[in-house]
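The values are calculated or read from the model by the stated rules, or taken from the named source; none is laboratory data. Since we're looking at a predicted model, the values are computed, not measured. Methodologically, a virtual Cβ is constructed for each residue, glycine included, from the backbone with ideal geometry; neighbour enumeration extends over all protein chains shown.
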Amino acid sequence: MGGGVSRAYSIRVGGGALSFSEAIKTCFQKFAEFRGRASRPEFWWFALLYYLVIFAPVVAFLFISQDSDSFNQATFDDPGTNGTGLVFGLILSAAVLAMLIPYLAVGTRRLHDTGKPGWWWFITLVPFGSIILIVFWASEGDRGPNQFGPPPGAQAVQPPGSLPPPPPPPSPQ
């Protein structure tokens, strides 16, 4: 670790957990930010929103379709006769497209918090890999800085007794 600037970090203790709205706001502000780290509340609140947005149109479609007298015919025999399926399909597609990149980004940052690279997403391609990924996401993150940066919520502070950095040199005129 030679040649780098040493920094101290303060971590929010007590009240450091993000609320639902703060977590969602943070995830959308870091829309495609795959670097850095994400806290457990940040990830799990966004995951909750993601799955609610994905499943809500599906459940609504099922209830609306079941009220229809021609549920079986319109849904399975001739898909072109049911405009409801098209509308909910478009809503679901838009929701997935709008939230997929932030979901992948916050999942990667959560892996970074536990000291693992984002490549661990690919473990979902093997049987039971999703369970391993969920365990990683649920694990406590590294308490101090790791190779992916400072802990979530950490802020650089001046060590006691140190001087602030010098101002930048004046530009020549």
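Quick notes on this structure:
- For region 45-64, a residue qualifies if it is touching a residue at least 12 places away in the same chain (Cβ under 8 Å) and farther than 18 Å from residue 95 by Cα, and exactly one does: 64.
- Subset of region 131-153 [without any contact (Cβ under 8 Å) to a residue 40 or more places away in the chain, in a loop (DSSP other than H, G, I, E, B) and over 13 Å from residue 115 (Cα atoms)]: none
- Region 26-59 - residue that is surrounded by 15 or more Cβ atoms within 10 Å (Cβ to Cβ) and small (Gly, Ala, Ser) and, of those, farthest from residue 113 (Cα to Cα): 47
- Selection count where residues are out of contact with any helix residue (DSSP H, G or I) (no Cβ under 6 Å at 6 or more places or on another chain) and within 24 Å of residue 32 (Cβ to Cβ), scope region 117-132: 5
- Within region 117-130, being hydrophobic (A, V, I, L, M, F, W, C), part of a helix (DSSP H, G or I) and either touching a residue at least 60 places away in the same chain (Cβ under 8 Å) or loosely packed, with under 13 Cβ neighbours inside 10 Å (or both) holds for 119, 122, 125.
- Within region 1-60, the only residue that satisfies the criterion of being at pLDDT 90 or above and at positive phi is 36.
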